[in-house]
Amino acid sequence: MMFLSNSTLGEVVWTQLKFKMNAYLGAVVSLIFVQIIGLIVSMNGNSSTGSGVDNTSFTIITISSDVVFAFVGIWAVFVGKLFTTKAYRYDDFSFVATRLSSNLANFSVLCLMSIFAGVTTFLSNYILRVVLLLVSDVDYVKSVSIFEDPIGTIVNLSIMIILILTISAGGYLWGMLVQIHKAFTYLLILLIITLLVTKTGQTILQYVFIENESIVFLIVKLIALSLVFFLLAILCSNRLEVRR
Amino acid sequence: MSMDTWVVAILPLLVLLFLIWIFLRLGRNITKHINWTKRLSKWLLYVYIGMLLLAIVAYEFIPTNGDKIAAPKEYTMFKNENKIFQQAFENNEGSKFDSKFLVEEWTQELVGDTLEIISKGSQFPTERLNIEWTDSKEQLVEAKMYKTHSYMDGINLGEEIPLSTVEINDNQIILTAPSPKQLTYYLFSNELSVLSIVDSLDAWEQRRVIGYTYIYLKVPKHINVIDKDGLQFY
């Protein structure tokens with residue numbers, strides 16, 4: 001067959017990516033609200049350590065991005081899942097596209113959103129720092145800032161981005177599975193509980209998240225996990241029906 | 001950390017996740033009724049990013065309490081110095097005391113042959129006391145107060161903890177503990193503590209040095225010391 005114009009896969013993906021970045025702006029706005037709720041919840045601190053000597057007791061309240069990250073993690077699951085819903089998938093029919101190009105475009109959008117979510121989650125800690133120090137009369141200990149520890153900043157930032165990407169990839173796979181059969185909606189929850197309760201599940205979680213000789217191992221494992229999720233999602237999408 | 005502890009630690013997270021899920025559902029229902037224009041969304045995005053960047057710059061200009069001691073070896077050095085002092089104190093080796101720990105010293109000519117040590121202000125003595133017996137035939141008693149290093153998460157606690165007061169009368173040494181005090185500090189972290197929980201417990205121990213207040217007396221052997229509160233370090 002002959003066509004007036006031939007587009008490469010890269011061009012199609014790029015066109016879809018541009019469209020999706022504009023169309024899914026609402027997801028980014030919802031991320032801001034999710035982070036603000038997380039920040040409000042974080043105001044009491046994530047953990048505290050105390051000690052006492054000579055009639056004086058000390059409490060050090062540690063404020064980190066953990067709670068905001070938990071909120072963003074849930075957001076990532078739902079955004080990943082959202083991209084697989086019929087309404088979003090049907091948007092792709094506005095273009096001359098294949099399932100592969102749609103999946104690659106979705107993957108790219110999730111990557112970009114994960115970068116944005118990771119960076120803003122990391123930086124949101126600074127809003128908390130400033131607000132707490134201006135509003136509260138509690139003293140604070142000099143804590144490491146971006147300028148003092150640039151390498152640490154890059155490492156922590158990378159972990160946050162990749163974790164969010166893995167979670168959103170998990171959400172994307174979950175969404176695809178749900179599109180195949182509704183039962184997967186509950187099977188995922190069952191799978192999470194099984195992972196937490198069974199010894200094998202705990203061993204897997206410990207292997208992935210805790211037993212890491214260095215942070216590089218963790219990053220490599222998470223990237224590999226994300227790729228596995230996406231590949232499985234692509235395989236699942238090939239089983240979906242075409243639009244009727 | 002054992003498996004069971006790990007599961008218990010993750011349970012509150014599950015509750016939190018459930019709450020977030022409820023929040024998100026509620027949020028979705030509410031936002032359905034709001035007509036977000038693309039222009040408004042973009043502005044919201046710019047304002048939020050602007051606020052984040054502003055917060056980074058503003059944080060650098062907020063004055064701090066306490067200096068961060070970054071290197072764990074500094075804490076190790078403090079711990080060693082405290083240990084050496086403690087050992088010298090227990091062994092009555094006054095000559096080995098590091099002079100930088102000396103806070104105050106007194107000498108007192110006793111009236112009789114009795115010296116009474118009284119502790120006030122606290123159920124448990126806040127000071128550690130030791131006596132070096134001298135062969136002197138005089139009535140002169142020397143008292144020295146020392147305070148060893150106390151650091152926690154970069155705060156020099158030595159500067160924050162009020163000192164015990166020492167009052168020496170004709171034949172009494174009255175040690176009054178400082179009034180109870182509660183100090184709270186914020187410590188901000190760039191790290192996700194969920195991922196570094198095993199390391200952070202060790203790291204926290206490394207960033208903690210607790211020192212004590214020591215009272216060292218030089219008393220002639222013929223003086224009878226009455227220590228009702230059991231302050232003496234045997």
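Coordinate-derived values only; no laboratory data. Nothing here was measured: the structure is a model prediction, and the numbers come from that model. Cβ sites come from the backbone with ideal geometry, for glycine too, and all protein chains shown count toward neighbours.
For the peptide A:70-77, the mean number of other protein chain Cβ atoms found within 10 angstrom of a residue's Cβ is 4. Shielding value for A:25-34 is 5, the average number of Cβ atoms from other chains within 10 Å of each residue's Cβ. The separation of the range A:66-84 from the range A:171-244, counted between C-alpha centres, amounts to 14 Å.
Only bridges whose two residues both fall in the protein assembly as shown count here: according to DSSP, what percent of them are antiparallel, nearest 5? About 50 percent, rounded to the nearest 5. Stokes-Einstein diffusion for the range A:1-126, with the hydrodynamic radius set to the Kirkwood value over Cα pairs and evaluated at 4 °C in a medium of 1.567 mPa s, equals 75 µm²/s. For B:Lys42, a cut-off of 20 angstrom between C-alpha atoms picks up these lysines, skipping any fewer than 8 places away in its own chain: A:Lys18, A:Lys20, B:Lys32. Farthest toward the dipole's positive end in chain A, which of A:Thr15, A:Ser226, A:Ala27, given Cβ charges of +1 (Lys, Arg) and -1 (Asp, Glu) about the Cα centre? Sorting the options by dipole projection puts first A:Thr15. DSSP finds beta bridges in the range B:72-226, and of those with both partners inside it, around 55 percent are antiparallel. Based on the reciprocal of the average 1/r between different C-alpha atoms, the Kirkwood radius for the protein assembly as shown equals 26.9 Å.
The mean number of partner chain beta-carbon atoms within 10 angstrom of a residue's beta-carbon across peptide B:40-50 is 4.
The charge dipole of the range A:156-244, taken about its Cα centre with unit charges on the Cβ atoms of Lys, Arg (+1), Asp and Glu (-1) only, comes to about 400 debye. Fewest neighbouring Cβ atoms within 10 Å first, the residues A:Ile61, A:Ile36 line up as A:Ile36, A:Ile61.
Its Cα gyration tensor gives the range B:72-226 an equivalent ellipsoid. The semi-axes, each the square root of 5 times an eigenvalue, are 38, 17, 11 Å from largest down.
Only helices reaching 15 angstrom along their own axis (Cα) with mean Kyte-Doolittle hydropathy no lower than 1.0 count here, and for the DSSP H runs of chain A these are A:25-42, A:66-82, A:99-135, A:150-180, A:184-197, A:215-237.
Arranged from fewest to most other beta-carbon atoms within 10 Å of their beta carbon, B:Ile49, A:Ile162, A:Ile204 become A:Ile204, B:Ile49, A:Ile162. Would you calculate a helix-derived [θ] at 222 nm for chain A, using -39,500 (n - 2.57) for each DSSP H run of n ≥ 4 and dividing by the full residue count, to the nearest 500? So the calculated ellipticity at 222 nm is -23500 deg cm²/dmol. Classify the range A:93-241: rounded, prolate or oblate, from the alpha-carbon gyration tensor (a ≥ b ≥ c, eigenvalue square roots; a/c under 1.5 rounded; otherwise prolate if a/b is larger than b/c)? It is prolate, given that a/c is not under 1.5 and a/b is the larger ratio. Peptides B:105-115, A:21-31 ranked from most to least packed give A:21-31, B:105-115, packing being the mean of other C-beta atoms within 10 angstrom over each peptide's residues.
Cβ crowding within 10 Å, taken as a proxy for footprinting-reagent exposure, orders B:Asp227, B:Asp153 from fewest neighbours to most as B:Asp227, B:Asp153.
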